[in-house]
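Scroll down for the structure; my scribbles are underneath it.
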Amino acid sequence: MKKADVPQEQSFFERHQRACYALDEHGRYVVVGSIGWDVETVVNGQANDEVRRAIAAALARVLSGRMSPLGYHMARRQMDVAMLSAYSGISRLRIRWHLRPGPFARLPETLLCRYAEALHLSAGVLRSVPQGDVHARL
């Protein structure tokens, strides 16, 4: 894409530019600021909708008693088991086990604090989830 062709349409990230590479008049790549384009806005909107659906599904599973609050907070932080394991130093198998409500309820405070620190939450917030309408909160 040439420097003059870099899109400057409405952006998903209002008023913020991002760096794009484009060819200048001499055929060299240069960094050009772009505020985005419609296709980017649509794709980012779809990705955000998918994240919201995953969070709502996790919250519904927690509220129905099929999953521990850990799963909801992982979904909110867009973390999977492997990533939480890397950040917390807790094995993947133990994390999967703690995604069950019973084992999570019996977690010692030290382990709960490790999860909370990896998720950038307090231990009290980690133990709880929002109540009420799942879709109204997202």
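The values are calculated or read from the model by the stated rules, or taken from the named source; none is laboratory data. Here the structure is a predicted model, which means the values were calculated and not measured. Cβ: placed from backbone, ideal geometry, glycine included. Neighbour counts: every protein chain shown. We work out accessible area using only protein heavy atoms, side chains counted, and drop any ligands, DNA or RNA first. Shrake-Rupley method; radii C 1.70, N 1.55, O 1.52, S 1.80 Å.
Find, among the GluC sites (Glu not before Pro) in region 1-99, those assigned to loop by DSSP (not H, G, I, E, B) with at most 14 other beta-carbon atoms within 10 angstrom.
Sites meeting the loop and neighbour criteria: 9, 14, 25.
Determine the relative contact order of the chain: mean sequence separation of Cα pairs under 8 Å and six or more apart, normalised by residue count, in whole percent.
Worked out over the chain, it gives 19 percent.
Taking 25 °C and 0.890 mPa s as the conditions, I'd like the Stokes-Einstein D for region 2-79 in µm²/s, using the Kirkwood hydrodynamic radius from alpha carbon pairs.
162
How much accessible area per residue does the chain have, in Å², with a 1.4 Å probe?
65
What Kirkwood hydrodynamic radius, in Å, does region 65-115 give when the mean of 1/r is taken over all pairs of distinct Cα atoms and then inverted?
Taking every pair of different Cα atoms in region 65-115, averaging 1/r and inverting gives 10.8 Å.
What does the charge dipole of region 11-99 about its Cα centre add up to, to the nearest 20 debye, if the Cβ of each Lys and Arg holds +1 and the Cβ of each Asp and Glu holds -1?
Its charge dipole is roughly 800 debye.
Could you work out Rg/(2.2 N^0.38 Å) for the chain, with Rg from alpha carbons only?
1.46
Using helices alone, I'd like the mean residue ellipticity at 222 nm for the chain: each DSSP H run of four-plus residues gives -39500 (n - 2.57), total over residue count, nearest 500.
Working: 7 runs with 69 residues, N = 138.
The per-residue figure over the chain is -14500 deg cm²/dmol.
Return the percentage of antiparallel bridges among DSSP beta bridges fully within the chain, rounded to the nearest 5 %.
Antiparallel bridges: around 75 percent, rounded to the nearest 5.
For the chain, what % of the accessible area comes from carbon and sulfur atoms, probe 1.4 Å?
54
Applying 1/(1 + (r/R0)^6) with R0 = 25 Å to the Cβ-Cβ distance of residue 94 and residue 50, what FRET efficiency is obtained, to the nearest 0.05?
0.35
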